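To start, the structure under review is shown below, and the notes come after it.
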Amino acid sequence: MMGLFSQAGSHIRAKARGYTEDDSAPVDTEPDDTSILDENEGSIITSLISQLRVGMDLSRVTFPTFVLEPRSMLERITDFMSHPDLIFGAEHCNDPEERFIRVLQYYLAGWHIKPKGVKKPYNPILGEFFRCRYDYEDGTQGFYIAEQVSHHPPISAFFYTSPANGVTIIGELKPKSKFLGNSVSTTMEGENRVTLLGAKDDGEYIITMPNMYARGILFGKMVLELGDTCIAKNEKHGMYCDLEFKTKGFFSGTYNAISGRIRRKSSEVGEISGRWSHIMDFKDAKTGQKRVLFDAVKDGQHICPKWVAPEEEQEPNESRRLWRDLTTAIALKDMEAATAAKSAVEDAQREERRQREEKGVKHVPRFFKLLDGRWMPDLPSDSQDAAKIQEWIWPASAPKT
């Protein structure tokens, strides 16, 4: 979604006003944050935008394939598991304030990862799932499973655990996009619920998501921003943090800025500042000392690799196999083949929905179940046994046809 309008805006402004490529990029964004469409692609986008109305819900709008990041949203969520060293061992910190800060580090380190250019991942179809395993250098493992549990409204449920390292993360993502005239907003409803298995008395650490904005799609400078406030909290210890993702002002400010104040009940613990795309710091309220929470420039390349089964061994509704033809076509820059591949998946989804409606049956998620308004993993009895977790995610009897 974001990639569509950011690229479209630059193209429309360039055509309508005679701007050059140098005119279209905001001063302090990264070089690969923007891109220019060619003549044919720009014409398609111009036609699409002409059909939109202010306030329109964009969940049902189908977008051209050349704005797509070649992976599903279910896989993109794994970006937040890319720097496990930031949270592993947090349960051994005696100070609950330090444990809270370690959880914040995990969360903040996931935002810097993005494809070249401004793109949007594939919208998962109902019943699609993505799974992977992490094999860490010390011999321990982590496991991840995400599933599209609802189509209208779209809801992606996800679960990550590393029993040996004492971390479990459960959550949902519920994006809602609207056309606002000169911008598009995506409200990122949902939350991350982190549990430190070695400090279960802490209960859950809950973190919500910021919203996303594509600004200047028709006039002015075009840019993609994270904005508004998300909340991190641990009610057991009275720990709270309001994290503000700052959008740039018209005349002042900078892109990708973030700030936040950590408090424990009524006492100030410290403040967070910096840029989520560069360096983020924590300043202790008692000592005044500052320390780096995460340096995306220095450490951003050290992303923990994940193991994903070869596509021929995956199930039909597994993300990489499901979107294989689309991903291949995008890599070859064959937009005609990409459009056909994307349409084939979406048409099959519509046909499956029609058949369910005719039979009067509802879709039942495979890996998750709804409990008290939350999507929870339908785990085996011993959810801290790595072998059982692996068998639950990759059952030996699973179909591969």
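The values are calculated or read from the model by the stated rules, or taken from the named source; none is laboratory data. All of these numbers come straight from a predicted model, not from anything done at the bench. Every residue, glycine as well, gets a Cβ built from its backbone with ideal geometry; the counts of neighbours run over all protein chains shown.
With respect to Gln349, is the statement that it is at pLDDT below 90 and out of contact with any Ser or Thr (no Cβ under 6 Å at 6 or more places or on another chain) true?
Numbers: at pLDDT below 90: no; out of contact with any Ser or Thr (no Cβ under 6 Å at 6 or more places or on another chain): yes.
Spelling it out, it is not the case that Gln349 is at pLDDT below 90 and out of contact with any Ser or Thr (no Cβ under 6 Å at 6 or more places or on another chain).
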Determine whether Asp228 is at pLDDT below 95, under 22 Å from Pro84 (Cβ atoms) and not polar (S, T, N, Q).
no
Do any residues in the range 169-185 that are on the phi < 0 side of the Ramachandran plot and surrounded by fewer than 22 Cβ atoms within 10 Å (Cβ to Cβ) have Cβ atoms under 6 Å from those of residues that are charged (D, E, K, R) and not in a loop (DSSP other than H, G, I, E, B), where the two are at least six apart or on different chains, and which pairs are they?
Ile170/Arg193; Lys174/Glu189; Ser183/Arg215; Ser185/Lys178
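It is to be established whether one or more residues within the range 319-335 are in contact (Cβ under 8 Å) with a residue 24 or more places away in the chain, under 23 Å from the mean Cα position of the chain (by Cα), under 30 Å from Pro124 (Cβ atoms) and surrounded by fewer than 16 Cβ atoms within 10 Å (Cβ to Cβ). Show your work before the answer.
Taking the range 319-335 first, the residues in contact (Cβ under 8 Å) with a residue 24 or more places away in the chain are 319-320, 322-323, 326-327, 329-331, 335.
Restricting the remaining residues to those that are under 23 Å from the mean Cα position of the chain (by Cα) gives 319-320, 322-323, 326-327, 330-331.
Restricting the remaining residues to those that are under 30 Å from Pro124 (Cβ atoms) gives 319-320, 322-323, 326-327, 330-331.
Right, trim to surrounded by fewer than 16 Cβ atoms within 10 Å (Cβ to Cβ) and you get 331.
There is at least one residue in the range 319-335 that is in contact (Cβ under 8 Å) with a residue 24 or more places away in the chain, under 23 Å from the mean Cα position of the chain (by Cα), under 30 Å from Pro124 (Cβ atoms) and surrounded by fewer than 16 Cβ atoms within 10 Å (Cβ to Cβ).
Can you tell me which residue among Val61, Val103 is under 30 Å from Ile262 (Cβ atoms) and either modelled with pLDDT under 55 or β-branched (Val, Ile, Thr) (or both)?
Numbers: Val61 fails: under 30 Å from Ile262 (Cβ atoms).
Residue meeting the stated conditions: Val103.
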It is to be established whether one or more residues within the range 300-312 are out of contact with any Asp or Glu (no Cβ under 9 Å at 6 or more places or on another chain), touching a residue at least 12 places away in the same chain (Cβ under 8 Å) and farther than 30 Å from His363 by Cα.
yes
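Can you tell me which residues in the range 75-90 are in a helix (DSSP H, G or I) and either buried (at least 19 other Cβ atoms within 10 Å of the Cβ) or touching a Cys at 6+ places or on another chain (Cβ under 9 Å) (or both)?
Glu75, Arg76, Ile77, Thr78, Phe80, Met81, Pro84, Asp85, Leu86, Ala90
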Name the single residue that is nearest to Ser319 (Cα to Cα) among those in the range 359-370 being assigned to a loop (DSSP other than H, G, I, E, B) and of a type in the set (A, V, I, L, M).
Val364
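Residue by residue through the range 144-156, note down the ones that are touching a residue at least 60 places away in the same chain (Cβ under 8 Å) and surrounded by fewer than 22 Cβ atoms within 10 Å (Cβ to Cβ).
Applying the first criterion (touching a residue at least 60 places away in the same chain (Cβ under 8 Å)) to the range 144-156 yields 144-149, 151-156.
Once the filter is applied, which keeps residues that are touching a residue at least 60 places away in the same chain (Cβ under 8 Å) and surrounded by fewer than 22 Cβ atoms within 10 Å (Cβ to Cβ), the range 144-156 yields His151, His152, Pro153, Pro154.
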